[in-house]
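Have a look at the structure below before the remarks.
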Amino acid sequence: MNTCYIACALDAKLDFIPDETDLVIGADRGCQVLLSQGKRIDLAVGDFDSGEVPNSVSVIKYPVKKDETDGAIAIKHAIEKGYNKIRMYGAIGGLLDHTIAIISTMCFYAEKGVDIALIDGENVVFAIHNKKICFSKEANGRISVFSHTDKSFGVFEKGLLYTIDNFTLDNKTSLGSGNSFIGCESEISVDEGTLLIYTSKNNFDNYLTK
């Protein structure tokens with residue numbers, strides 16, 4: 001599946017290598033982050049209130065007074081161009097309101113079948129809606145699972161240190177925090193609802209099967 005890579009305002013290690021069919025978007029200051037690490041830019045979007053408008057690339061400039069964040073605008077452009085797999089760097093970990101906004105945006109699109117992951121250093125946050133994911137036995141370290149919807153019904157966590165079976169998980173609890181892989185195949189699923197999942201980027205890149 002072709003991938004859209006989006007760089008946002010926060011400094012982040014951009015460890016992706018896009019091929020010719022992938023799309024690379026710089027969201028506002030994310031353009032400077034891309035250029036500083038020698039990455040190409042296929043499209044630059046945003047109001048550019050925190051970075052210069054780049055030269056020699058396709059630019060879509062928005063007014064500062066707008067209804068969406070630059071990151072959300074970049075996601076919309078990626079989807080409009082036909083990309084259903086999106087990886088965002090430098091989008092979380094800075095201003096708390098921006099982090100909440102981009103997580104909410106990611107969950108909105110997860111419910112429409114778009115595969116988005118937010119990457120922060122060695123960590124990744126992603127969402128699943130009405131589906132199951134599996135990890136191989138090589139997955140290690142921590143994993144946390146929270147409900148984004150008011151309630152998520154039919155939640156299963158198997159093959160982890162702490163397991164749940166056909167559980168109703170709501171979004172007003174810390175119950176899903178701090179679980180661990182234990183060296184066997186594991187799976188997380190939800191029959192009805194949207195789950196937020198936090199784990200290491202290594203687990204996500206190398207040991208996750210959707």
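General remarks:
- For the stretch 46-104, a residue qualifies if it is assigned to a loop (DSSP other than H, G, I, E, B), free of Cβ contacts under 8 Å to residues at least 12 places away in the same chain and hydroxyl-bearing (S, T, Y), and exactly one does: S56.
- Hey, N166 within 29 Å of G94 (Cα to Cα) and open to solvent by 60 Å² or more (accessible area, probe 1.4 Å) or not: no
- Any hit, the stretch 44-53, residues being closer than 19 Å to L118 by Cα and open to solvent by 10 Å² or more (accessible area, probe 1.4 Å): no
- The set of residues in the stretch 181-210 being open to solvent by 30 Å² or more (accessible area, probe 1.4 Å) and farther than 19 Å from I119 by Cβ consists of I182, G183, C184, E185, E187, D191, E192.
- Once the stretch 120-155 is narrowed to residues that are modelled with pLDDT under 95 and in contact with a helix residue (DSSP H, G or I) (Cβ under 7 Å, 6 or more places away or on another chain), the residue that is farthest from A110 (Cα to Cα) is E122.
- Considering the stretch 1-29, the residues that are open to solvent by 40 Å² or more (accessible area, probe 1.4 Å) and without any contact (Cβ under 8 Å) to a residue 24 or more places away in the chain include one that is nearest to D70 (Cα to Cα), namely R29.
- Residues located in the stretch 113-163, provided they are more than 30 Å from G30 (Cα to Cα), in a loop (DSSP other than H, G, I, E, B), touching a residue at least 12 places away in the same chain (Cβ under 8 Å) and open to solvent by 60 Å² or more (accessible area, probe 1.4 Å): N130, K131, K137, E138, N140, D150, L161, Y162
- For E80: the one exception among (1) closer than 27 Å to C184 by Cα; (2) open to solvent by 30 Å² or more (accessible area, probe 1.4 Å); (3) under 21 Å from the mean Cα position of the chain (by Cα): (1)
The values are calculated or read from the model by the stated rules, or taken from the named source; none is laboratory data. Every value quoted in this text rests on a predicted model; they were computed, and no experiment measured them. Ideal geometry is used to build each Cβ from the backbone, glycine not excepted, and the neighbour counts take in all protein chains shown. The area values use the complete protein model at the heavy-atom level, side chains included, leaving out ligands, DNA and RNA. Shrake-Rupley method; radii C 1.70, N 1.55, O 1.52, S 1.80 Å.
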